[in-house]
Amino acid sequence: MAELTANELAGVEKLIVATETVVREALDVARRSTDGGRGIDDAQVHCERLAYAATEVAAVKALLAYTQSAAAHEHKDPAVDEMAGIFAAEVALRLAAQVDAHADAFGLTDDRVNQTLGAPEIKALARAFSSAARVQAIGRHVIEQRGVNHCWIVEDMAVMSRDSVRQFAEAEVMPIAARLHQHDELIPEPLIAKMAELGYFGMSVPEEFGGGGMGNLVMIITTEELSRASLAAAGSLITRPEILTKALLKGGTAAQKTKWLPRMASGEVMVGISVTEPDIGSDVASVACRADAGEVGGKKGYLINGAKAWCTFAGRADVLALLARTDPDMKKGARGLSLFIVEKDPFTGHNFEMRQPTGGVLAGKADATPGYRGMHSYTLTFDNYFVPAENLVGEESGLGKGFYLQMQGFAGGRLQTGGRATGLAQAALERTAEYANDRKQFGQPIGSFQLTQYKLGRMATHVMAARQLTYAAARTMDTDESIALEPAMAKLFASDVAVWVTQEGQLVHGGWGYAEEFAISRYVVDALVLTIFEGVKPILELKVIARNLLGT
Ligand SMILES: Cc1cc2nc3c(=O)[nH]c(=O)nc-3n(C[C@H](O)[C@H](O)[C@H](O)COP(=O)(O)OP(=O)(O)OC[C@H]3O[C@@H](n4cnc5c(N)ncnc54)[C@H](O)[C@@H]3O)c2cc1C
């Protein structure tokens, strides 16, 4: 593939600058009209649009930064340079159409639009970079390479991790992924044991607490490679300890960190996260499950009563990170919630009941789902279930801080989901590129048709943008664990990419894409969950991304 000229590369930058300028100025307008984000609910549709546009700008900037860094390290990749141009044009054209259609809401004058996205030079660049021929050339390259991801990474440790996890995932996870999905089986214990041995559960646990202390980027790349083999049977297994790790590091007492982090890092303790309730989902501040202070058998602690929903891996888990209401005054909202480490026995079935000698009961029933199988997600009922006082995260000083700690954990979970979604989309890209090579119609491989090449070109471009946005968020989180915006953007964008890429891949597979025998049919149903959990897409856009962007 021919390299972009210096002039063309400068053109990509100009496109991005024009797009970013429009988003920045539109955000300024919205910041004023929503009173620093306080009035988002009076302008939800526009705020969602802005949140998405800002996320796409972040993705295209991450892609450009990658190409520039690769070139500076003598790892220039002409295909990714092209992708940066193609994606920059796509984002610019989409935003230009939106500004045109919703001019009042965007609040930019005609003159300002004509100086930016409407400038003749910018329009010409967008047309040039979005030409079908360019996208098809990427598609041909991807088909030839069978979609394999060899993207350059500056950090040696991350490259080594990618190679070793890929080898592990291909040997241990890929061969069992279809069976687990088709028979709705639980992840086998030997696989958990092998992952534990390799340190996958403690990647971002600091070394002083028995973890690898490898940071977020290595953790993300590990997640990506495991998810490429199976989202549910491996890729999602390390999300739960990651969420609780981040919450404990932020708000746990020294004794709690010393007790729980090493056991989580070693895989001795498997974790479930229990926030959602049957009637409370996005409105987390209204969680109703109660934790009332009490004494059982001479031991001080809390009695848990209420229902929880969608608690993934709750059967097999040894502990649940449970968000519960410790202050009965509902007016306290989020300030009345606390986070608990609820100990339980592990169970392997779709239903379980745990009876404490002191009379408490925890019952679980797995809800059947079309995909994301391997861990099972349970509806839970707590009846006077006793949790000792030392299991309240932060102990006395953690009372009322559960919401805040949970959100800290979710930021890490969302970053993880960026990696999970990228890995799943990558798997779909590879299967589709292989199929485009192997399947013949009208006397030729379907990959030789222009439209197939075009589809694969766009798929690969989006997967690479999702990857670079997620890596960029991981690197930022490595320097500041408190960030919320970047992981949310990575989760939003990469999840959408996974949904779209798996469905495009299914179309390229034709009827066989609907057959369980072909992995792409599993990828499609697995991907659908990504935009739902850890903040369903509209809530992520409005309550996390728009709020962060518009807050003053
Ligand atoms: C397979 C699976 C696994 C899961 N695993 C876990 C887990 O391990 N632990 C856990 O705690 N949870 C888990 N969840 C739950 C998940 O996090 C919730 O489903 C999600 O947060 C959304 O909550 P909800 O389903 O109650 O949707 P709701 O909150 O009812 O929202 C439904 C829709 O209503 C609209 N809406 C709601 N509020 C607003 C608003 N303010 N403004 C605009 N629109 C709005 C949006 O369109 C939204 O998509 C899982 C879910 C699934 C499906």
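The values are calculated or read from the model by the stated rules, or taken from the named source; none is laboratory data. Note that the structure is a prediction, hence the values are computed from the model and not measured. Methodologically, a virtual Cβ is constructed for each residue, glycine included, from the backbone with ideal geometry; neighbour enumeration extends over all protein chains shown. These accessible areas exclude ligands, DNA and RNA; they are computed on the full protein's heavy atoms, side chains included. Shrake-Rupley method; radii C 1.70, N 1.55, O 1.52, S 1.80 Å.
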### Task
Out of the residues in region 383-418 that are closer than 20 Å to residue 222 by Cα, among the small types (Gly, Ala, Ser) and touching a Phe, Trp or Tyr at 6+ places or on another chain (Cβ under 9 Å), state the one that is nearest to the ligand (Cβ to nearest atom).
413
### Task
Determine whether region 462-479 contains at least one residue that is closer than 20 Å to residue 151 by Cβ, surrounded by fewer than 22 Cβ atoms within 10 Å (Cβ to Cβ) and modelled with pLDDT under 95.
yes
### Task
Return the only residue of 159, 173, 142, 165 being open to solvent by less than 60 Å² (accessible area, probe 1.4 Å), within 29 Å of residue 457 (Cβ to Cβ) and free of Cβ contacts under 8 Å to residues at least 12 places away in the same chain.
159
### Query
Among the helices (runs of 4 or more DSSP H) confined wholly to region 447-552, which include 2 or more residues that are under 11 Å from the mean Cα position of the chain (by Cα), of a type outside the set (Gly, Ala, Ser) and within 16 Å of the ligand (Cβ to nearest atom)?
485-508
### Query
Restricting the first residue to region 534-552 and requiring it to be of a type in the set (Asp, Glu), which pairs with a second residue that is open to solvent by 30 Å² or more (accessible area, probe 1.4 Å) and assigned to a helix (DSSP H, G or I) meet a Cβ separation below 7 Å and a spacing of at least six or different chains?
541/48; 541/52
### Query
Any idea which of (1) within 26 Å of the chain's Cα centre (by Cα); (2) closer than 14 Å to residue 98 by Cα; (3) not aromatic (Phe, Trp, Tyr) is the one residue 63 doesn't satisfy?
(2)
### Qualifying helices (runs of 4 or more DSSP H) (wholly inside region 104-213; at least 1 residues being aliphatic (A, V, I, L, M) and within 30 Å of residue 255 (Cβ to Cβ))
189-197
### Query
Within region 188-214, which residues are farther than 16 Å from residue 241 by Cα and touching a residue at least 40 places away in the same chain (Cβ under 8 Å)?
191
### Message
Let me confirm something: among 380, 339, 362, which residue is within 16 Å of the ligand (Cβ to nearest atom) and more than 30 Å from residue 190 (Cα to Cα)?
### Response
339
## Note on the structure
Reported set for region 273-284 where residues are in a loop (DSSP other than H, G, I, E, B) and near the ligand (Cβ under 6 Å from one of its atoms) is 275, 276, 281, 282
### Task
Please specify each residue of region 402-441 satisfying the condition of being open to solvent by less than 20 Å² (accessible area, probe 1.4 Å), among the hydrophobic types (A, V, I, L, M, F, W, C) and closer than 18 Å to residue 244 by Cβ.
405, 411, 415
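Residues are listed down the side, and each one gets a yes or a no for (1) open to solvent by less than 10 Å² (accessible area, probe 1.4 Å); (2) among the polar types (S, T, N, Q); (3) within 12 Å of the ligand (Cβ to nearest atom):
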position: 233; (1), (2), (3): yes, no, no
position: 239; (1), (2), (3): yes, yes, yes
position: 268; (1), (2), (3): no, no, no
position: 286; (1), (2), (3): no, yes, yes
position: 323; (1), (2), (3): yes, no, yes
### Task
Please verify whether region 76-96 includes one or more residues that are outside any helix (DSSP H, G or I), more than 13 Å from residue 16 (Cα to Cα) and under 32 Å from the mean Cα position of the chain (by Cα).
yes
### Meets criteria (modelled with pLDDT of 95 or more and open to solvent by less than 30 Å² (accessible area, probe 1.4 Å)) for residue 497
yes
### Message
For region 23-63: of the residues being farther than 18 Å from residue 496 by Cβ and β-branched (Val, Ile, Thr), which is surrounded by the fewest Cβ atoms within 10 Å (Cβ to Cβ)?
### Response
29
### Single residue of 250, 299 found to be out of contact with any helix residue (DSSP H, G or I) (no Cβ under 7 Å at 6 or more places or on another chain) and more than 14 Å from the ligand (Cβ to nearest atom)
299
### Task
Take region 370-383 and flag every residue that is open to solvent by 40 Å² or more (accessible area, probe 1.4 Å) and over 20 Å from residue 355 (Cα atoms).
370, 373
### Query
Which one is farthest from residue 188 (Cα to Cα) among residues in region 344-353 that are more than 15 Å from the ligand (Cβ to nearest atom) and surrounded by 17 or more Cβ atoms within 10 Å (Cβ to Cβ)?
352
